[in-house]
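The values are calculated or read from the model by the stated rules, or taken from the named source; none is laboratory data. Quick caveat, the model's predicted, so the values are computed rather than measured. Cβ atoms come from the backbone with ideal geometry, glycine included; neighbour counts cover every protein chain shown.
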Amino acid sequence: MTVTQATAPATSPSSPASPAAQRDGRTAQRSLGRRLLARPEVGALIAAVGVYVFFFAAAPAFREASALSTVLYQASVMGIMALPVALLMIGGEFDLSAGVAVTTSALTAAILSFQLSVNVWTGVVVALVVSLAVGAFNGWLLIKTGLPSFLVTLGSFLVLQGANLAVTKIFTSNVASDSISDMDGFDQAKTIFASEFSVGGVNVKITIIYWLVFAAAATWLLLRTKFGNWIFAVGGNKDSARAVGVPVNLTKIALFMGVGAGAWFVGMHLLFSFNTVQSGEGVGNEFLYIIAAVIGGCLLTGGYGSAIGPVIGAFIFGMVSQGIVYANWNPDWFKAFLGVMLLVAALVNLWVRRTATRR
Amino acid sequence: MTTTNGSSPNGTLVKDTAPQDGKPVVELRGAGKSYGNIRALHGVDLSVRPSQVTCVLGDNGAGKSTLIKIISGLHQHTEGEFLVDGEPVRFSTPREALDKGIATVYQDLATVPLMPVWRNFFLGSEMTKGPWPLRRLDIDRMKKTADEELRNMGIVLDDLDQPIGTLSGGQRQCVAIARAVYFGARVLILDEPTAALGVKQSGVVLKYIAAARDRGLGVIFITHNPHHAYMVGDHFSVLRLGTLELSAARSEITLEELTNHMAGGAELAALKHELAQVRGVDVEELPEESDLQVTPAAGGSSASDATR
């Protein structure tokens, strides 16, 4: 209970009655269990354990360490993007262009390097600039027009999707970029973006490490820095934040640019894994990122969530997509399973939040 | 940002150097604001002095909100003068007003409900430690300071980590007031702080208004409740249809007169006359049953008019 003696509880709907024990005007500590439940990612953690146990029981192949490595790889590629998308969502906005932005970034690096016959690092740097510019443009347009981010980024999604196809066809007369595997700097870039190493006989992709490092950095940013405070504030109540002096516009543009940076990183990983990029790829992935964030307990309306949540969300995604294969089921069922997961996770989150805030 | 750690010096600054000579900190001279061809505010004179509560009263649509928005930096005046410490100013953002020591506690905009109390307390002026790439929030110091400041204002919370949305409306107002006082506000603008509160909670907020005044702040107390205004006010300004209808010191006016002005003086007299007539008609000419039906309704409406 939060009600002091001097203030009557009558006007606060969330505090129905004040027990006699709190008459001294002090508020009670919430119990440890309650406070634990109030963490945004608890619902997702429960779901993740459930899904893991389920596939562990249903698919014998799922129990092997190599399967876990595959699951984690699948989760990491998606999870690296889910992190900035989750931060943006906590900041109260969507980015529907996140999926195709990955392809745009990879195509920029591939086509530029190939057409100009320069070191691939030139392409990598230009791709970073382009990705950040796309993010900044989304944020700038959102602030200038005041339109909802759903609409603004739906527009940029379509623009990027079209441009990906059209520009690729102009340069290659094909829907895929030319292979850059024999160009200067490729091996070096591959080592950084798409290498793998062996742990106890199991191949582990380097993106898993990046994923966890980025998640730790995002958590630190969110909970331990001024900027993190601002992210929660602009998502929770934009007008309040502005009134107390938080640079709302700067925060939002920075969050969109964060998504751009994530798209660049994943784009580089895909490019240096496969040497070439299909220009039509990435459509639909933006929803997977949002799903991972929502399963991870980020509030769709902003102001609430964590960076650990989307990590768990992406892990669930990886388990489901690979678990179905390991269980020898028809992989066509994947999306149906994912839909059920989304609904269950959303309901669990709702229940957890209600339980935690009930007083 | 330049606000890093600048907060605690400011907090002490106020107590030491608050001018006691009674010169106005904020002054409006014939100020007004037009939105296109709509004149929301016109020819308003107002001065706010340290350790004084200036009450601005007015019915809905009288121009109270426009007045605060000008002073707090959300809007700019289009006529007249706006002086801070005798210097003409024109704020383009709330940040500029805050830097001049003018803090506004909005009725519903004061806080971010899902964020913990201590994060709300320091929002926009966070304390940090460490060199740049690793510069991080000084959480322990912030929690400790928030707790101390709240206790100084007489608010005791055990769990500063609870979302501020779980506090009652009065407590949230008080946290917002304590925050403004701590961050070196010299002028505190309170936008109808008691409007959504019950009787007891309103009393708590009024107590903190008095506490802020005693700490040397100039307070602008916006309200449409003359009773609340008269309890703490030193000067009363009544707005009506965008202009100043009354500007009087406490010694020049009684609560009845204030209530009278608030309700629109002549209009209230006419209303009383009408009600008396209705009642007279009921009592004299109608049978007892309908008399019972009408009387409570008439009494109720006159009571709500008086308090509005």
- prompt: Going by the structure shown, is A:Phe94 aromatic (Phe, Trp, Tyr) and either within 21 Å of A:Ala216 (Cβ to Cβ) or not in a loop (DSSP other than H, G, I, E, B) (or both)?
  reply: no
Verdict on A:Leu299 being touching a residue at least 40 places away in the same chain (Cβ under 8 Å) and at negative phi: yes
- request: Name the single residue, out of those in the stretch B:147-169 being farther than 24 Å from B:Ser202 by Cβ and more than 10 Å from chain A (Cβ to nearest Cβ), that is surrounded by the fewest Cβ atoms within 10 Å (Cβ to Cβ).
  value: B:Glu148
Unique residue being touching a residue at least 12 places away in the same chain (Cβ under 8 Å) and over 14 Å from the mean Cα position of the chain (by Cα) when the list is A:Tyr289, A:Tyr326: A:Tyr326
task: Mind counting the residues in the stretch B:85-114 that are among the hydrophobic types (A, V, I, L, M, F, W, C) and either out of contact with any Gly (no Cβ under 6 Å at 6 or more places or on another chain) or modelled with pLDDT of 90 or more (or both)?
output: 6
field: Extreme residue, farthest from B:His224 (Cα to Cα), among residues of the stretch B:105-117 that are crowded, with 24+ Cβ neighbours inside 10 Å and more than 7 Å from every other protein chain (Cβ to nearest Cβ)
entry: B:Val117
task: Could you list all residues from the stretch B:91-104 that are polar (S, T, N, Q), facing chain A (nearest Cβ under 9 Å) and out of contact with any strand residue (DSSP E or B) (no Cβ under 9 Å at 6 or more places or on another chain)?
output: B:Thr93
message: Just to verify a result, which residue in the stretch B:131-188, among those that are of a type in the set (S, T, N, Q) and more than 19 Å from the chain's Cα centre (by Cα), is modelled with the highest pLDDT?
response: B:Thr145
- prompt: Could you say which residue among A:Tyr304, A:Tyr326 is within 14 Å of another protein chain (Cβ to nearest Cβ) and either surrounded by 24 or more Cβ atoms within 10 Å (Cβ to Cβ) or not charged (D, E, K, R) (or both)?
  reply: A:Tyr304
message: I need the full set of residues from the stretch A:176-210 which are closer than 17 Å to A:Val125 by Cα and surrounded by 13 or more Cβ atoms within 10 Å (Cβ to Cβ), in order please.
response: A:Ile180, A:Met183, A:Asp184, A:Gly185, A:Phe186, A:Asp187, A:Gln188, A:Ala189, A:Lys190, A:Ile192, A:Phe193, A:Ala194
- line: Given the conditions (1) within 28 Å of A:Met268 (Cβ to Cβ); (2) in contact (Cβ under 8 Å) with a residue 12 or more places away in the chain; (3) β-branched (Val, Ile, Thr), every one holds for A:Val234 apart from (1)
message: assigned by TED's automatic domain parsing to the domain that holds B:Val48 and touching a residue at least 24 places away in the same chain (Cβ under 8 Å): is that true of B:Gly170 in this structure?
response: yes
- prompt: In the stretch B:181-220, how many are within 15 Å of B:Ser47 (Cα to Cα) and touching a helix residue (DSSP H, G or I) at 6+ places or on another chain (Cβ under 6 Å)?
  reply: 3
- prompt: List the pairs whose first member sits in the stretch A:111-123 and is under 19 Å from A:Ala166 (Cβ atoms) and touching a residue at least 60 places away in the same chain (Cβ under 8 Å), whose second member is part of a helix (DSSP H, G or I) and among the hydrophobic types (A, V, I, L, M, F, W, C), and whose Cβ atoms are under 7 Å apart, counting only residues at least 6 apart or on separate chains?
  reply: A:Ile111/A:Phe171
- prompt: Can you list the helices (runs of 4 or more DSSP H) found entirely within the stretch A:229-314 that contain at least 3 residues being within 30 Å of B:Val105 (Cα to Cα)?
  reply: A:238-243, A:248-274
Close pairs from the stretch B:181-207: first closer than 13 Å to B:His224 by Cα, partner of a type in the set (S, T, N, Q) and assigned to a strand (DSSP E or B), Cβ under 6 Å, at least 6 apart: B:Glu192/B:Thr223
Residue that is nearest to the chain's Cα centre (by Cα) [pool: residues in the stretch A:71-104 that are polar (S, T, N, Q) and under 19 Å from A:Ser195 (Cα atoms)]: A:Ser76
